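What follows is one structure encoded as structure tokens, with my remarks underneath.
The values are calculated or read from the model by the stated rules, or taken from the named source; none is laboratory data. Just so it is clear, the model here is predicted, and its values are computed rather than measured. Note: ideal-geometry Cβ built from the backbone for every residue, glycine included; neighbour counts use all protein chains shown.
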Amino acid sequence: MKILLVSLLFLFSFETMQSQVGINTTTPSPAAVLDVNSSSDGVNFGGFMPPRVSPAERDLIPVTASDEGLMVYVINPPNNQLQLWDGTAWQIVFPQQANVDTVIAAWNMESLTAYGPSPYNPGNASASVTVSGLERGSGLNTSGSAGLDAWGANGWYSAAPTETQATAIANNNYVTFTITPVSGYNVSIISIEPYNVRRSGTGPTNGIWQYSIDGVNFVDIGTEIIWGGITSGAGNPQQSIDLSGINDLQNLTSLTTITFRVVNWGATAAGGTWYFNDFSAGDDLIIRGNTN
């Protein structure tokens, strides 16, 4: 009988503990599964210590979408952070950081010769992202003489006068670069700042910016661009492109790599050239965004 009574009391206590558990308190909140009081005597106080891990140790935690809400303190001096798993990525809880409008990536075309290297890495990039260099598509080449202070290619001509955006893509007549947020950062890409395009008289007349979130399927940004008729070194000024309304380019995490490309068509000779041109005292192709 005594054994049965003890067993019943144990089961009752376990049932109670499963409802509300109090540490340093005998009256846990009915709204909390676990209520932790900083002190049991009003004299000695303590805090809650979440699991402390290095970035490498955090990445070994086998989190899934169902583990949303899991919290760790990542020790990575001087960037120690309290992080929360949101079901798809680790997000920074502390230190809180406001959105910062910044240059995500920028290239300066000054002093480039021979069409410039491919890939051509940005001279300026935010610490919140990894950026690949400007790269020529496999359908392009760099034969013959090139303009100074510009990055580009020739070989754009393939099927004129019936060449279209679709045939240009099929012939790999485009230039690309990629942007990937660094783990722990949230990045929104908001604009391509005003830039300048230089082309020869037989170079591409038309083009379009595109983006992809998987590196395979591309989406047009806006509409077809007529690059302009100036064929001298002064080039053709291009307006800024607002990207803030494209949901795919907002609140990016390290799980997504954005590929940008410019597709060109309308060249009338194999030697026709097209370049991103040097037109300012500083950077000439600037991608701007918000980071936090």
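Go through Ser183, Ser132, Ser111, Ser126 for me and flag whichever is in contact with a helix residue (DSSP H, G or I) (Cβ under 8 Å, 6 or more places away or on another chain), in contact (Cβ under 8 Å) with a residue 24 or more places away in the chain and assigned by TED's automatic domain parsing to the domain that holds Thr253.
Ser183
Can you pull out the residues in region 234-258 that are over 17 Å from the mean Cα position of the chain (by Cα) and surrounded by 14 or more Cβ atoms within 10 Å (Cβ to Cβ)? Step through it out loud before you land on a result.
Going residue by residue through region 234-258, those that are over 17 Å from the mean Cα position of the chain (by Cα) are 234-241.
Scanning region 234-258 gives Gly235, Asn236, Gln238, Ile241.
Would you check which residues across region 119-141 are of a type in the set (S, T, N, Q) and within 12 Å of Thr176 (Cβ to Cβ) and list them? I'd like the intermediate steps shown before the answer.
Initial filter on region 119-141 (of a type in the set (S, T, N, Q)): 121, 124, 126, 128, 130, 132, 138, 141.
Across region 119-141, the qualifying residues are Ser132, Ser138.
Would you check if Asn206 is closer than 19 Å to Gly137 by Cβ and over 21 Å from the mean Cα position of the chain (by Cα)? Full working, then the answer.
Values: closer than 19 Å to Gly137 by Cβ: yes; over 21 Å from the mean Cα position of the chain (by Cα): yes.
So Asn206 fits the description; yes.
Would you list the strands (runs of 3 or more DSSP E) that sit entirely within region 20-93 and hold 2 or more residues that are over 39 Å from the mean Cα position of the chain (by Cα) and of a type in the set (A, V, I, L, M, F, W, C)?
Values: elements: 21-23, 34-36, 71-74, 81-85.
By residue number, 21-23.
Return a yes/no flag: does region 189-199 have any residue that is hydroxyl-bearing (Ser, Thr, Tyr) and more than 23 Å from Tyr120 (Cα to Cα).
We begin by selecting, within region 189-199, every residue hydroxyl-bearing (Ser, Thr, Tyr); these are 191, 195.
This time we only want the ones that are more than 23 Å from Tyr120 (Cα to Cα), so: none.
The answer is no, given that none of the residues of region 189-199 is hydroxyl-bearing (Ser, Thr, Tyr) and more than 23 Å from Tyr120 (Cα to Cα).
Restrict the check to region 200-208 and report whether at least one residue is within 30 Å of Thr102 (Cβ to Cβ) and modelled with pLDDT of 95 or more.
The initial filter retains those residues of region 200-208 that are within 30 Å of Thr102 (Cβ to Cβ), namely 207-208.
Restricting the remaining residues to those that are modelled with pLDDT of 95 or more gives 207-208.
The answer is yes, given that some residue of region 200-208 is within 30 Å of Thr102 (Cβ to Cβ) and modelled with pLDDT of 95 or more.
Within the bounds of region 213-229, is there any residue that is over 30 Å from Gly87 (Cα atoms), more than 25 Å from the chain's Cα centre (by Cα) and free of Cβ contacts under 8 Å to residues at least 12 places away in the same chain?
Within region 213-229, one or more residues are over 30 Å from Gly87 (Cα atoms), more than 25 Å from the chain's Cα centre (by Cα) and free of Cβ contacts under 8 Å to residues at least 12 places away in the same chain.
So in region 272-292, with the set limited to residues that are assigned to a loop (DSSP other than H, G, I, E, B) and modelled with pLDDT of 95 or more, which one is nearest to Gly184 (Cα to Cα)?
Looking only at region 272-292, we keep the residues that are assigned to a loop (DSSP other than H, G, I, E, B), and these are 272-273, 278-284, 292.
After this cut, where a residue has to be modelled with pLDDT of 95 or more as well, the list is 272-273, 278-279, 283-284.
Details: Gly272: 44, Thr273: 41, Asp278: 34, Phe279: 35, Asp283: 27, Asp284: 29 Å.
That would be Asp283.
The rows are residues; the columns are (1) of a type outside the set (A, V, I, L, M, F, W, C); (2) exposed (fewer than 15 other Cβ atoms within 10 Å of the Cβ); (3) closer than 30 Å to Thr142 by Cα; (4) in contact with a Pro (Cβ under 7 Å, 6 or more places away or on another chain).
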position	(1), (2), (3), (4)
Asn44	yes, yes, no, no
Leu60	no, yes, no, no
Val63	no, no, no, no
Gly69	yes, yes, no, no
Val93	no, yes, no, no
Asn121	yes, yes, yes, no
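Please verify whether region 158-169 includes one or more residues that are within 25 Å of Asn290 (Cα to Cα) and either surrounded by 15 or more Cβ atoms within 10 Å (Cβ to Cβ) or under 26 Å from the mean Cα position of the chain (by Cα) (or both). Reasoning before the result, please.
Let us first name the residues in region 158-169 that are within 25 Å of Asn290 (Cα to Cα), namely none.
Checking region 158-169: not a single residue is within 25 Å of Asn290 (Cα to Cα) and either surrounded by 15 or more Cβ atoms within 10 Å (Cβ to Cβ) or under 26 Å from the mean Cα position of the chain (by Cα) (or both).
Under the condition of being of a type in the set (A, V, I, L, M) and loosely packed, with under 12 Cβ neighbours inside 10 Å, which residue from region 15-42 is nearest to Asn80 (Cα to Cα)? Show your work before the answer.
The initial filter retains those residues of region 15-42 that are of a type in the set (A, V, I, L, M), namely 17, 21, 23, 31-34, 36.
Narrowing further to those that are loosely packed, with under 12 Cβ neighbours inside 10 Å: 17, 31-34.
Details: Met17: 34, Ala31: 31, Ala32: 29, Val33: 29, Leu34: 26 Å.
The qualifying residue nearest to Asn80 (Cα to Cα) is Leu34.
Could you tell me whether any residue of region 143-151 is assigned by TED's automatic domain parsing to the domain that holds Thr202 and free of Cβ contacts under 8 Å to residues at least 40 places away in the same chain? Walk me through it before giving the result.
Taking region 143-151 as the starting set, the residues that turn out to be assigned by TED's automatic domain parsing to the domain that holds Thr202 are 143-151.
Filter again for free of Cβ contacts under 8 Å to residues at least 40 places away in the same chain, leaving 145.
Yes: one or more hits.
Any residue at all in region 248-268 that's of a type in the set (Gly, Ala, Ser), closer than 25 Å to Thr113 by Cβ and in contact (Cβ under 8 Å) with a residue 12 or more places away in the chain? First the steps, then the outcome.
Start the filter on region 248-268 by keeping residues that are of a type in the set (Gly, Ala, Ser), which leaves 254, 266-267.
Still in the running and closer than 25 Å to Thr113 by Cβ: 267.
If we keep only those that are in contact (Cβ under 8 Å) with a residue 12 or more places away in the chain too, we end up with 267.
Yes - at least one qualifying residue is present in region 248-268.
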